[in-house]
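The values are calculated or read from the model by the stated rules, or taken from the named source; none is laboratory data. Quantities reported herein were computed from a predicted structural model and do not represent experimental measurements. All Cβ positions, glycine included, derive from the backbone under ideal geometry; neighbour counts span all protein chains shown.
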């Protein structure tokens with residue numbers, strides 16, 4: 001039985017104080033244990049902090065017990081200053097690296113945690129990387145050799161200069177295997193799978209005298225490219241080749257396939273159209289005999305001035321396209337003639353891709369990178385029926401079947 005006044009004689013908060021202190025100590029110890037088991041190997045500093053925290057907690061409990069034994073009441077206990085838990089007392093902050101301290105894999109290495117490294121220990125390495133990058137930027141790039149990189153082709157100009165020019169990747173390349181090329185008696189042939197697919201021809205003009213087309217035929221010539229006419233590079237006047245009629249009629253009689261070319265000195269589209277119309281008009285009597293292409297020939301004039309010298313590359317391209325489109329509209333096969341320098345540097349081949357190319361390159365093997373269907377491989381050939389140096393050609397397309 002409780003007697004009146006018992007509650008007033010005992011300290012009212014005595015058991016409550018012990019309970020609060022005990023629970024607080026348990027929670028603190030539990031928090032330290034949970035965070036410490038988070039997979040992080042404790043360092044010396046971590047163990048020292050934990051020991052210091054336990055000692056501080058024990059000291060608080062001892063002080064509280066001593067004060068309670070001395071008869072202090074609950075009122076004194078509430079005025080006793082508490083030890084508050086500070087943010088820096090918690091040991092889990094090192095689990096989160098400071099922004100910018102991550103390594104290349106996205107987090108710091110395990111060794112950095114083991115040694116307690118900070119962002120200061122990482123910063124010098126960053127500076128080293130930046131300096132190395134800056135030094136690399138200052139280094140000059142290694143230049144490729146255009147003669148071996150497969151991206152350039154060498155152009156030899158008439159004046160003796162040489163230039164490596166970048167090959168246009170968008171133009172169709174020739175795919176001829178010149179190991180299949182052979183020559184007999186100055187006449188060349190090209191085979192595929194052991195079968196001959198080429199024909200051999202001669203181009204002639206008034207500069208070739210005493211021609212015998214039947215002898216050419218007997219020697220193995222399949223076709224002739226006959227000059228129809230030319231425009232004077234000084235006067236600008238169009239003339240019919242003096243031997244055109246004689247040559248074409250003799251070629252017809254010898255049953256040779258026939259193609260035509262015209263030497264142009266047009267300086268605008270109007271003159272190009274005039275030249276095309278001149279060719280079409282003079283071919284009309286022989287239309288049925290023209291099996292091979294009608295070619296446009298514009299060249300640099302050596303050792304003299306020409307009316308076309310002031311034309312730009314775009315001008316020459318436009319004039320060429322105008323002539324060839326006119327020939328095509330008349331029902332003939334148009335063709336562009338030129339040497340490697342002219343074709344690559346004087347006209348824009350990307351705007352002339354619809355037309356076949358007649359390449360002039362006096363070499364054993366041509367190094368012209370783009371597609372061509374006819375190749376003038378020598379201007380000093382020897383063949384029966386031609387008393388002077390013969391301009392010999394090989395054609396990789398059988399135009400007579402078209």
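Values as computed for the structure displayed
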| quantity | calculated |
| --- | --- |
| Among residues of region 184-216, those that are surrounded by fewer than 18 Cβ atoms within 10 Å (Cβ to Cβ) and over 16 Å from residue 374 (Cα atoms), counted | 14 |
| Residue within region 332-340 that is assigned by TED's automatic domain parsing to the domain that holds residue 226 and surrounded by fewer than 17 Cβ atoms within 10 Å (Cβ to Cβ) present | no |
| One residue from 294, 301 being in contact (Cβ under 8 Å) with a residue 40 or more places away in the chain and out of contact with any helix residue (DSSP H, G or I) (no Cβ under 9 Å at 6 or more places or on another chain) | 301 |
| Elements of type strands (runs of 3 or more DSSP E) in region 147-187, at least 3 residues being over 18 Å from residue 348 (Cα atoms) and in the same structural domain as residue 300 (by TED's automatic domain parsing) | 181-184 |
| Residue list for region 220-230, filter: buried (at least 19 other Cβ atoms within 10 Å of the Cβ) and under 18 Å from residue 394 (Cβ atoms) | 221, 222, 223, 224, 225, 226 |
| Within region 275-300, considering residues that are assigned to a loop (DSSP other than H, G, I, E, B) and surrounded by fewer than 24 Cβ atoms within 10 Å (Cβ to Cβ), the one modelled with the highest pLDDT | 299 |
| Residue 366 crowded, with 16+ Cβ neighbours inside 10 Å, under 18 Å from residue 397 (Cα atoms) and touching a helix residue (DSSP H, G or I) at 6+ places or on another chain (Cβ under 6 Å) | no |
| Region 224-281: number of residues that are more than 24 Å from residue 321 (Cα to Cα) and either in contact (Cβ under 8 Å) with a residue 60 or more places away in the chain or not assigned by TED's automatic domain parsing to the domain that holds residue 325 (or both) | 1 |
| Residue that is modelled with the lowest pLDDT, among those in region 146-156 that are in contact with a strand residue (DSSP E or B) (Cβ under 9 Å, 6 or more places away or on another chain) and under 19 Å from residue 169 (Cβ atoms) | 147 |
| Which numbered condition residue 194 fails, given (1) within 44 Å of the chain's Cα centre (by Cα); (2) closer than 25 Å to residue 297 by Cβ | (2) |
| Residues of region 197-222 that turn out to be more than 17 Å from residue 363 (Cα to Cα) and under 40 Å from the mean Cα position of the chain (by Cα), as a count | 3 |
| Answer residue from region 306-320, given it is part of a helix (DSSP H, G or I) and under 8 Å from residue 267 (Cβ atoms) and is nearest to the chain's Cα centre (by Cα) among those | 315 |
